[in-house]
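Report on the structure given below.
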Amino acid sequence: MLRRWTRQLPRQCERQRYYSTPPPTSILLSDLTERGFIQDVTRPQALHQALRGSPRSVYAGIDPTAQSLHIGHLLPLIGLLHFQIHGHTIIPLIGGATGRIGDPSGRNTERKLADLVQVEDNVAGLTQSIRRFFTRASHYTTRRLASTTLTSEPVILSNLEWHQHLTMLDFLRTVGVHARINTMVNRESVKARLASQHGISFTEFTYQLLQAYDFYHLYRHHNCSIQIGGSDQWGNILAGLELISRLEGPTTNNTITTTIPADYPEQAEYHHIDAYGITTPLLTTASGEKFGKSAGNAVWLDPSMTSVFDFYQYFIKVADADVERYLKMFTLIPLQEITELVHIHNTQPEKRIAQRRLAAEVTDMVHTPEGLNHAETLTKLLFDSDYSSLQASKVIHALQNDPRLVLVSEADMLQTPLPKLAAKHGLVSSNCKLTVHGPLRSLELITLFLAAARTLVQARGFYLNNTPVPDAHFTLTRHHLIDNRIAILRAGKDRLLILAMNPGQ
């Protein structure tokens, strides 16, 4: 049973880098460190000892600003996956309550208060998205680490479960009495906003206390002793550790006893609690902004919001300067293998060997091998000039439900001029304005598209299997078909249509 602890503790500078103490040597922390996951960590020596003992519970928070995860979530989620691989319980925590307010961390302006119905919808969507991610990541782990089987399921929670029952008086008596304004004001996220033109509202000012209470609640009721967050969450994580230290005394069974070096007295702040904080670097755009729906430039994990092909292509386009770092963070490839891969890549960077492996691994993890097959097949169709190795059955299977794959009858395939097929199935478009409505509208559309297709033929911008179509009356024969079944049409650089002959018609 945890004892209440009300001893007054000294206040210290929150930005002291505790990671400057002797580095952690546990297998998990060493791997996370070498992979670039850890930016800050509280009491690394104590955490190292704790992780060598019985399994822990670790959580990471997710804001319900959208119904899907995006790639900005990959760092904390894959961080949780590493803990899960090592036998620990992981808790993805959705901010069903805190999302109604908004976190001021990393923002120059105040968030608009979210619509409550939208927040509830986002929580439901994120719950499915998180569950799907970890299910697929579990299968990916088994494929990548053959001897590893994940036996524990993620415990997905929403903090609305406890905040909705907490009255203001309860919150002030439980949390507010232990909060010190001078400490709250000195948080970097708050200081930055206070110095801005618009300042900070009381609502966002108290956000750190709500997140601190989350850590305390999980510590007390779910035996959760580790929080992972982005580097902009450092102050909020420390607020949680401070609250735990003030509300809970030393445990009698599981407390890790450590000797605090005289050179690092700031660690005495959390010496008597068996709880820790880890921050990861933020994934940023080229301009330095954090990925996310509110910040723009999001690449979503939901294929209905970002196609599997575009997801794959994002990682294909990663700069050479970033690819080794991303391989370490976003895949489970052994570090030695990554070093060897990057060495090979550097001898022929134009082949993008490392980027192709990165894109394959992450797409496999997030979208399954079937999604990877789809993305790789479409990439080959769009960007490779040699189709000799393509197999019709694999192309058709990879592009199932993709609008760029169209099944046509044998008569249409072999008797209709190719530009007319392209116009009929939407490969080409026209900038001309329609002049009619009703039944004649579709006929006029096809006529306009056919004219555009003929123009492309004349400009040698209309291709069949990567060969320019010779004239506007060109019609396919069987020897033009790949595997006697498919024809690959391209208009310009990136508009693609795959015609597949339907043997049943």
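The values are calculated or read from the model by the stated rules, or taken from the named source; none is laboratory data. Remember, predicted model here, so these are calculated numbers, not experimental data. With ideal geometry, Cβ positions are generated from the backbone for all residues, glycine too; neighbour counts draw on all protein chains shown. When the accessible area is computed, the model is the full protein with side chains, heavy atoms only, and any ligands, DNA or RNA have been set aside. Shrake-Rupley method; radii C 1.70, N 1.55, O 1.52, S 1.80 Å.
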Query raised in the report: Taking the stretch 46-63 on its own, how many of its residues are within 24 Å of Leu282 (Cα to Cα) and either open to solvent by 30 Å² or more (accessible area, probe 1.4 Å) or not hydroxyl-bearing (Ser, Thr, Tyr) (or both)?
Result: 7
Query raised in the report: Within the stretch 348-367, which residues are among the hydrophobic types (A, V, I, L, M, F, W, C) and more than 23 Å from Ser304 (Cα to Cα)?
Result: Ile353, Ala354
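Per-residue answers, yes or no, for (1) under 20 Å from Val175 (Cα atoms); (2) under 24 Å from the mean Cα position of the chain (by Cα):
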residue	(1), (2)
Ser201	yes, no
Glu204	yes, no
Gln211	yes, yes
Tyr216	yes, no
His221	yes, no
Gln227	yes, yes
Gly230	no, yes
Report task. Output the helices (runs of 4 or more DSSP H) that fall wholly within the stretch 21-90 and possess 1 or more residues being within 30 Å of Asp121 (Cα to Cα), or say none. Result -> 74-85
Query - In the stretch 307-326, the residues that are in contact (Cβ under 8 Å) with a residue 40 or more places away in the chain and of a type in the set (Lys, Arg) - result: Arg325
Query raised in the report: If only one of Arg143, Arg131 is open to solvent by 40 Å² or more (accessible area, probe 1.4 Å), under 17 Å from the mean Cα position of the chain (by Cα), assigned by the TED database to the domain that holds Arg100 and touching a residue at least 24 places away in the same chain (Cβ under 8 Å), which one is it?
Result: Arg131
Requested in this report: Scan (1) under 22 Å from Ser68 (Cβ atoms); (2) open to solvent by 30 Å² or more (accessible area, probe 1.4 Å) for the single condition Phe309 breaks and write down its number.
Outcome: (2)
Report task. Taking only the stretch 199-233 into account, find how many residues are open to solvent by 50 Å² or more (accessible area, probe 1.4 Å) and part of a helix (DSSP H, G or I). Result -> 4
**Report entry** Matching residues in the stretch 153-193 - criterion: being surrounded by 13 or more Cβ atoms within 10 Å (Cβ to Cβ) and in a loop (DSSP other than H, G, I, E, B)
**Finding:** Glu153, Pro154, Val155, Ile156, Asn159, Leu166, Val175, Ala179, Asn186, Arg187
Requested in this report: Could you tell me which numbered condition Ser196 fails, if it satisfies all but one of (1) in a helix (DSSP H, G or I); (2) of a type outside the set (A, V, I, L, M); (3) in contact (Cβ under 8 Å) with a residue 40 or more places away in the chain?
Outcome: (1)
**Report entry** Checking Thr42 against (1) closer than 18 Å to Leu238 by Cα; (2) surrounded by fewer than 22 Cβ atoms within 10 Å (Cβ to Cβ), the condition it does not meet
**Finding:** (2)
